[in-house]
1. Collect the residues in region 193-209 that are in contact with a strand residue (DSSP E or B) (Cβ under 9 Å, 6 or more places away or on another chain) and either without any contact (Cβ under 8 Å) to a residue 12 or more places away in the chain or not assigned by TED's automatic domain parsing to the domain that holds Pro166 (or both), keeping them in residue-number order.
2. Considering only region 171-180, I want to know if a residue exists there that is within 15 Å of the chain's Cα centre (by Cα), within 16 Å of Asp91 (Cβ to Cβ) and at pLDDT 95 or above.
3. Which is among the acidic types (Asp, Glu) and under 29 Å from Ser228 (Cβ atoms), of Glu17, Glu50?
4. Would you point out which residue out of Leu138, Leu200 is touching a Cys at 6+ places or on another chain (Cβ under 9 Å) and surrounded by 21 or more Cβ atoms within 10 Å (Cβ to Cβ)?
5. So which residues in region 129-165 are polar (S, T, N, Q) and under 30 Å from Gly227 (Cα atoms), if there are any at all?
6. Among the residues of region 124-138, count how many are closer than 18 Å to Thr36 by Cα, out of contact with any Phe, Trp or Tyr (no Cβ under 9 Å at 6 or more places or on another chain) and of a type outside the set (Asp, Glu).
7. State whether the residues of region 149-164 include one that is outside the structural domain of Gly227 (by TED's automatic domain parsing) and modelled with pLDDT under 95.
Amino acid sequence: MTSTPLSADAMKRAAAETALSHVTHGMRLGLGTGSTAAHFVDLLGARVREGLEVIGVPTSERTRLQAEALGIKLSTLDETPELDLTVDGADEFDSSLRLIKGGGGALLREKIVAAASTRMFVIADATKEVETLGAFPLPVEIDRFGARSTRIHIERVARGLGLLGPITQRMRAPDEPYLTDGGHYILDCAFSAIDAPQELAERLQAIPGVVDHGLFIGLATAIFIAGSNGVRIIGDNTGDGLI
């Protein structure tokens, strides 16, 4: 009998389930944002109802509301400044565990929480794996003050690296700019292929007015990739010897 292929949503949930198997009693967890991370939070809530005790630090107001509704005990980075593990999704990733994140608009808080964690597990379906980052537009979070000037600086940096794709401001409605939880704008940069992500990250970060960008480099320690044949893991730091 031929098995029915898993839907993208089912693959996301499978990756979340595998990552959850590495969560143990008493952990301090960063809770990611987005459709895949929402599966992890949902499954974590079920484990909490069964008696698992953890403390979660959400990366967005959306995740905070979801976790609260599920009865997950929450904290903040001010109260719990060091975390054991963050579990989050990604819009893209490569074999070097470099990510593009921010499609859900929470990239700054996601990066702050990930950086406060000993480990970061990324959960994704196989369609998010790429040879070269950039097919997904790179989000860049910028301050509203001087936004036009900041955008010109970003365009110059991009051109200097041979990145000529369009840069557009994210909008909530035709006449309403999208605002992050921190009150910032997001520019989506359709670069197609980013051959030097580390250099781009450094140059973007040096621009006054850039709050942060969606290149996550050196943060992920393992990626759980769900496909039609199950979940495979790349990386070397699940913390329990399984890789």
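1. If the condition is that a residue be in contact with a strand residue (DSSP E or B) (Cβ under 9 Å, 6 or more places away or on another chain) and either without any contact (Cβ under 8 Å) to a residue 12 or more places away in the chain or not assigned by TED's automatic domain parsing to the domain that holds Pro166 (or both), then Gln205 is the only one that fits.
2. For region 171-180, residues within 15 Å of the chain's Cα centre (by Cα), within 16 Å of Asp91 (Cβ to Cβ) and at pLDDT 95 or above: present.
3. Of the residues listed, the single one that is among the acidic types (Asp, Glu) and under 29 Å from Ser228 (Cβ atoms) is Glu17.
4. When all the criteria are applied, what remains is Leu138.
5. Scanning region 129-165 gives a single hit, Thr132.
6. Within region 124-138, residues that are closer than 18 Å to Thr36 by Cα, out of contact with any Phe, Trp or Tyr (no Cβ under 9 Å at 6 or more places or on another chain) and of a type outside the set (Asp, Glu) number 3.
7. Yes, region 149-164 has at least one match.
Results for (1) touching a strand residue (DSSP E or B) at 6+ places or on another chain (Cβ under 7 Å); (2) over 20 Å from Arg13 (Cα atoms); (3) of a type in the set (D, E, K, R), shown as yes or no for each residue.
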| residue | (1), (2), (3) |
| --- | --- |
| Arg49 | no, no, yes |
| Leu65 | no, no, no |
| Leu74 | yes, yes, no |
| Thr80 | yes, yes, no |
| Leu83 | yes, yes, no |
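The values are calculated or read from the model by the stated rules, or taken from the named source; none is laboratory data. All figures in this text were calculated on a predicted structure; none of them were measured in a lab. Here the Cβ is made from the backbone with ideal geometry for all residues, glycine too, and neighbour counts use every protein chain on show.
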